[in-house]
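One structure is given here, and the rest of the page talks about it.
The values are calculated or read from the model by the stated rules, or taken from the named source; none is laboratory data. Note that the structure is predicted; figures quoted are calculated from it, not measured. Ideal geometry is used to build each Cβ from the backbone, glycine not excepted, and the neighbour counts take in all protein chains shown. Calculation scope for accessible area: heavy atoms of the full protein, side chains included, ligands and nucleic acids excluded. Shrake-Rupley method; radii C 1.70, N 1.55, O 1.52, S 1.80 Å.
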Amino acid sequence: MLWRTPKPIGPAEQGIELQKLAIELLQYHARISTVLTVTGLDRAVVKKLQSHLTIRPTGRTPYNLSLGRRQALFTIQTAYALSCFDLLRQSSDVSLGRALSLAYCLYLQRFQSPLAAEAHCHVSPSPKFRQPDVTIDMLFTLAGFTYGIWGFTKSMELVTCPKCSSRFPSPPVTPEAASEECPFCRVAARYTRDPRVRAFIDDVSRPELDRDTSLA
């Protein structure tokens, strides 16, 4: 286990659920500021929960709006994580904070990160595990810009490519521009001639993990 179960800090059931969510986010190495914004908990409470972790969070770089436009493989990963968040946030039974945590768990699971096994995402350890390219703070920031939540100003959206119908995060663009910038189309065009692309796609496509995507 990554943390020792602390005594509940507050008696309210909602407070306990928020503390559980905070622990999950900390296990994903979220920044303290991210945890505070998502949960609304007091800093002292989060610090107390953090003290029970055996792996200390290290602060991760937020999402850079220009990074995804330059790196197609990275944008594909953010597209998967954000699409999971988009589906989860539409459920009346899932809060935005819980949607963030679950979406990131599904991302780690899909792209074979060691954090997935460590953070109880129902994934068995595998030699094919890779360090996550998308951090929880990146997904938090990207979701904030896309939906105008958590104090962010909306400046992004999930754009649909008119050619392949894939969705990816981007500033608002015309259909013609979406087609030109689509990371899925760009990667498909490079697959046969770029060994790095082939290695990435082949690694994340192999059914080597127990991909239990249950949200229970």
Pairs please, first residue from the stretch 80-99 and crowded, with 19+ Cβ neighbours inside 10 Å and part of a helix (DSSP H, G or I), second anywhere and at pLDDT 95 or above and among the aromatic types (F, W, Y), Cβ atoms under 6 Å, 6+ apart in sequence or on different chains.
A99/F85
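What are the residues in the stretch 158-173 that are open to solvent by 50 Å² or more (accessible area, probe 1.4 Å) and under 12 Å from T78 (Cα atoms), if any?
So in the stretch 158-173, the residues open to solvent by 50 Å² or more (accessible area, probe 1.4 Å) come out as 160, 162-165, 167, 172.
R167 - this is the single residue of the stretch 158-173 that is open to solvent by 50 Å² or more (accessible area, probe 1.4 Å) and under 12 Å from T78 (Cα atoms).
Taking T153, is it closer than 18 Å to L82 by Cα, in a loop (DSSP other than H, G, I, E, B) and modelled with pLDDT under 80? Don't jump to the end; show me each part of the working.
Values: closer than 18 Å to L82 by Cα: yes; in a loop (DSSP other than H, G, I, E, B): yes; modelled with pLDDT under 80: no.
Taking the combined requirement at face value, the residue does not satisfy it.
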In the stretch 174-194, how many residues are under 15 Å from E157 (Cα atoms), in contact with a Cys (Cβ under 9 Å, 6 or more places away or on another chain) and open to solvent by 50 Å² or more (accessible area, probe 1.4 Å)?
2
Qualifying residue in the stretch 32-52 (condition: surrounded by 17 or more Cβ atoms within 10 Å (Cβ to Cβ) and charged (D, E, K, R)):
no
Cβ pairs under 7 Å, 6+ apart or interchain, first in the stretch 145-173 and over 18 Å from R89 (Cα atoms) and in contact (Cβ under 8 Å) with a residue 12 or more places away in the chain, second part of a loop (DSSP other than H, G, I, E, B) and of a type in the set (A, V, I, L, M, F, W, C), ordered by first then second residue, are C161/C182; K163/C182; C164/C182; S166/C182; S170/M156; P171/M156
Of (1) within 30 Å of E24 (Cα to Cα); (2) hydrophobic (A, V, I, L, M, F, W, C); (3) open to solvent by less than 30 Å² (accessible area, probe 1.4 Å); (4) at pLDDT below 85, V197 fails just (1)
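Are any residues in the stretch 168-186 touching a helix residue (DSSP H, G or I) at 6+ places or on another chain (Cβ under 8 Å) and either acidic (D, E) or modelled with pLDDT under 85 (or both), and if so, which ones?
Within the stretch 168-186, V173, S179, E181 meet the criteria.
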